[in-house]
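Heads up: the structure comes next, in structure tokens.
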Amino acid sequence: MLETLLALTTAHFLADFTFQTPTMVRRKREPQWFAAHIAIVTVLTLLLSGSLDPRVWLVIGVTHAAMDFIKVRFMGDGLRPFLLDQGVHLAIIVGVTLWRPDTVADGWIGTLTTPVQLLVYQAMVIVAALAVTVKAGGILVAKTLEHIARPGPEASDVAAPAVDNAVGDKTEADARGLPGGGETIGALERALILLFLLIAQPEGIGLMLAAKSVLRFSDRNARAHTEYVIIGTMLSFGWALLTGVIARAALTHWR
């Protein structure tokens with residue numbers, strides 16, 4: 001059963017956070033882009049589950065389409081719609097796993113030898129962890145910061161940079177002529193945290209955080225956004241630590 005859950009969640013994370021391009025997100029109201037995203041969800045579910053049983057990939061594809069349609073048409077693009085959307089998708093995946101627990105065992109993966117199966121599952125764990133840690137983490141942090149900055153009257157000073165996935169880095173990066181630098185920094189730091197955890201070297205996380213703090217606050221201009229930066233950094237690091245711990249436990253299970 002866990003193998004089926006792993007395959008379906010990996011397909012979902014890849015479809016929503018790796019293969020869903022910014023163009024797809026912006027133009028999702030257009031039928032062709034919406035259909036392209038649902039096709040990717042369905043095909044990845046079919047490939048990674050390894051089963052030709054239409055009940056699995058049809059249920060995933062149809063329910064994903066229904067939830068995305070509701071979100072795009074009626075819910076907007078803030079933090080709460082994002083969390084609700086992902087929560088519904090994952091709940092459906094859990095339900096399908098309980099309904100068809102032997103999906104992966106009955107598919108092409110089940111025909112492989114045990115050592116090869118374990119390698120396939122480990123690869124899925126790493127791929128899913130990267131998608132969730134780096135891509136989903138950036139979206140989650142950006143939407144959380146936007147949500148925090150929006151309510152208060154003082155939000156006007158930070159609302160513009162808060163919508164980026166940069167964890168507070170984009171403002172400074174743009175001031176130095178490096179568009180998108182902050183977003184890249186956020187993605188790299190989460191990827192490095194995941195790597196340190198997977199190779200059992202958590203000490204590297206402390207060194208990285210210390211180095212980032214020195215570089216960040218050595219510039220007086222950064223102090224105007226100190227709270228914004230600290231919140232973003234802690235969210236980014238916390239998310240990467242959480243996903244890294246889960247990924248390491250999963251790798252241990254399929255060792």
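The values are calculated or read from the model by the stated rules, or taken from the named source; none is laboratory data. Bear in mind the structure is a predicted one, so any value in this text is a computation, not a measurement. Cβ coordinates were reconstructed from backbone atoms using ideal geometry, including for glycine residues, and neighbour counts include every protein chain displayed.
Kindly establish whether Ala240 is within 20 Å of Thr144 (Cβ to Cβ), among the small types (Gly, Ala, Ser), crowded, with 16+ Cβ neighbours inside 10 Å and at pLDDT 75 or above.
Numbers: within 20 Å of Thr144 (Cβ to Cβ): yes; among the small types (Gly, Ala, Ser): yes; crowded, with 16+ Cβ neighbours inside 10 Å: yes; at pLDDT 75 or above: yes.
Yes.
Restricting attention to the stretch 115-140, which residues are farther than 14 Å from Leu251 by Cα and among the hydroxyl-bearing types (Ser, Thr, Tyr)?
Of everything in the stretch 115-140, just one residue is farther than 14 Å from Leu251 by Cα and among the hydroxyl-bearing types (Ser, Thr, Tyr), namely Thr133.
Here is a yes/no grid of residues against (1) surrounded by 14 or more Cβ atoms within 10 Å (Cβ to Cβ); (2) part of a helix (DSSP H, G or I); (3) free of Cβ contacts under 8 Å to residues at least 40 places away in the same chain; (4) of a type in the set (Ser, Thr, Tyr):
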{"residue": "Met24", "(1), (2), (3), (4)": "yes, yes, yes, no"}
{"residue": "Trp33", "(1), (2), (3), (4)": "yes, yes, yes, no"}
{"residue": "Thr45", "(1), (2), (3), (4)": "yes, yes, yes, yes"}
{"residue": "Val56", "(1), (2), (3), (4)": "yes, yes, no, no"}
{"residue": "Arg73", "(1), (2), (3), (4)": "no, yes, no, no"}
{"residue": "Leu90", "(1), (2), (3), (4)": "yes, yes, no, no"}
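Based on what the data block shows, is Ala210 of a type in the set (A, V, I, L, M), modelled with pLDDT of 65 or more, over 30 Å from Leu2 (Cβ atoms) and in a helix (DSSP H, G or I)? Before the answer, list the steps.
On the way: of a type in the set (A, V, I, L, M): yes; modelled with pLDDT of 65 or more: yes; over 30 Å from Leu2 (Cβ atoms): yes; in a helix (DSSP H, G or I): yes.
So Ala210 passes the test.
Mind telling me which of the residues Thr4, Thr114, Thr63, Thr18 ends up being more than 20 Å from Ala131 (Cα to Cα) and in contact (Cβ under 8 Å) with a residue 12 or more places away in the chain? Give the steps one after another, and end with the answer.
Working: Thr4 fails: more than 20 Å from Ala131 (Cα to Cα); Thr114 fails: in contact (Cβ under 8 Å) with a residue 12 or more places away in the chain; Thr18 fails: more than 20 Å from Ala131 (Cα to Cα).
Within the list Thr4, Thr114, Thr63, Thr18, the selection yields Thr63.
Report those helices (runs of 4 or more DSSP H) wholly inside the stretch 112-189 carrying at least 3 residues which are modelled with pLDDT of 80 or more and either outside the structural domain of Leu48 (by TED's automatic domain parsing) or charged (D, E, K, R) (or both).
On the way: elements: 114-130, 137-149, 159-162, 170-175.
Ranges flagged: 114-130, 137-149.
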